[in-house]
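Have a look at the structure below before the remarks.
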Amino acid sequence: MAKIEMADVFAAGRRRRRGTLYAYRVRGLGRNAVVLWVGGEGDEPDRVVALPEADRCPVPVFTTVRQARVYASRRGRRLATPEADILELTRVQHWLEDPVRRRVPSGAVLEAWNFFEDLARGLSEVHRLPEQSAVHNSAYEKLFGDEYAAWTPAEKRAVLELLRAGIELWNSCPVIVKPCSSIVFDSGRLPRSTSSSKAGFANTTSSAGTA
């Protein structure tokens with residue numbers, strides 16, 4: 001069912017519920033790229049756009065918002081906004097290195113939590129994130145209300161576990177760095193013959209997104 005829904009993102013026809021399409025930049029230590037994000041219609045959940053294939057769902061990634069816009073336009077879609085929201089995933093990753101002494105970057109943690117859930121749905125790999133429980137719900141509510149200082153030890157452990165699993169999912173999921181030519185790379189690692197212009201998707205050398 002999930003793969004059918006993902007295929008509808010670029011499907012033609014007014015009767016298809018495809019959701020609103022956005023560009024979203026993720027700035028992380030392991031992978032830095034612009035992705036496409038689709039808002040759910042009705043009861044459908046939000047998700048990161050992935051392209052269903054026989055044995056995997058690679059995520060199309062871009063260096064700039066303009067590239068994402070052109071890609072969507074060639075498939076009959078338009079981005080809802082000219083710019084991209086940004087997830088500063090590096091702030092979350094630095095916090096995870098020493099969550100005891102470092103201050104919680106609450107805004108970035110909340111955005112990362114939402115992004116990882118949307119990414120997992122897009123990839124049809126929800127099982128790679130910890131199963132949501134009452135502890136997660138309570139921790140999320142406190143985070144949303146900027147009351148993370150009131151996390152219990154169990155809630156903080158749940159948050160750390162989910163974020164670490166989400167970062168692993170983002171850094172390891174298959175991506176298409178040139179969607180128009182369907183060049184797919186597993187786990188974000190590029191072959192030695194790949195030009196340096198492509199390598200920005202596997203490290204932090206990519207520049208900030210531009211319209």
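The values are calculated or read from the model by the stated rules, or taken from the named source; none is laboratory data. These numbers come from a predicted model, not from an experiment. Neighbour counts are summed over all protein chains in view; Cβ atoms, including those assigned to glycine, are modelled from backbone coordinates with ideal geometry. Heads up: the accessible areas ignore ligands, DNA and RNA and are worked out on the full protein's heavy atoms, side chains in. Shrake-Rupley method; radii C 1.70, N 1.55, O 1.52, S 1.80 Å.
In this entry, Leu51 passes the filter for residues that are under 20 Å from Pro179 (Cα atoms), of a type outside the set (Lys, Arg) and open to solvent by 20 Å² or more (accessible area, probe 1.4 Å).
Every test in (1) charged (D, E, K, R); (2) in contact with a strand residue (DSSP E or B) (Cβ under 8 Å, 6 or more places away or on another chain); (3) part of a loop (DSSP other than H, G, I, E, B); (4) under 19 Å from Leu123 (Cα atoms) is passed by Glu44 save one, and that test is (2).
For (1) modelled with pLDDT under 95; (2) open to solvent by less than 50 Å² (accessible area, probe 1.4 Å); (3) not acidic (Asp, Glu), each residue gets a yes or a no:
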| site | (1), (2), (3) |
| --- | --- |
| Leu143 | no, yes, yes |
| Glu155 | no, yes, no |
| Leu160 | no, yes, yes |
| Leu169 | no, yes, yes |
| Pro179 | yes, yes, yes |
| Ser182 | yes, no, yes |
| Ser197 | yes, no, yes |
| Thr205 | yes, no, yes |
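Which members of the range 148-165 meet the condition of being of a type outside the set (A, V, I, L, M, F, W, C) and in a loop (DSSP other than H, G, I, E, B)? Matches in the range 148-165: Thr152 only. The lone criterion from (1) assigned to a helix (DSSP H, G or I); (2) under 28 Å from Thr81 (Cα atoms); (3) at pLDDT below 95 left unmet by Ser187 is number (2).
Filtering the range 66-73 for residues that are within 30 Å of Pro153 (Cα to Cα) and among the aromatic types (Phe, Trp, Tyr) leaves an empty set.
For the range 152-174, what are the residues that are touching a residue at least 60 places away in the same chain (Cβ under 8 Å) and closer than 17 Å to Asp98 by Cα?
Looking only at the range 152-174, we keep the residues that are touching a residue at least 60 places away in the same chain (Cβ under 8 Å), and these are 160, 163-164, 167, 170-171, 173-174.
Listed by number, the residues that qualify are Leu160, Leu163, Arg164, Ile167.
For the range 114-141, enumerate the residues that are farther than 16 Å from Val49 by Cβ, touching a residue at least 40 places away in the same chain (Cβ under 8 Å) and either surrounded by 21 or more Cβ atoms within 10 Å (Cβ to Cβ) or touching a Gly at 6+ places or on another chain (Cβ under 7 Å) (or both). Result: Leu129, single match. With the requirement that a residue be part of a helix (DSSP H, G or I) and either over 30 Å from Tyr148 (Cβ atoms) or open to solvent by 60 Å² or more (accessible area, probe 1.4 Å) (or both), what does the range 54-100 give you? Within the range 54-100, Val65, Arg66, Gln67, Ala68, Arg69, Val70, Tyr71, Ala72, Ser73, Arg91, His94, Glu97 qualify.
Taking the range 101-123 as the range and being touching a helix residue (DSSP H, G or I) at 6+ places or on another chain (Cβ under 9 Å) and part of a loop (DSSP other than H, G, I, E, B) as the test, the residues that pass are Arg102, Arg103, Val104, Pro105.
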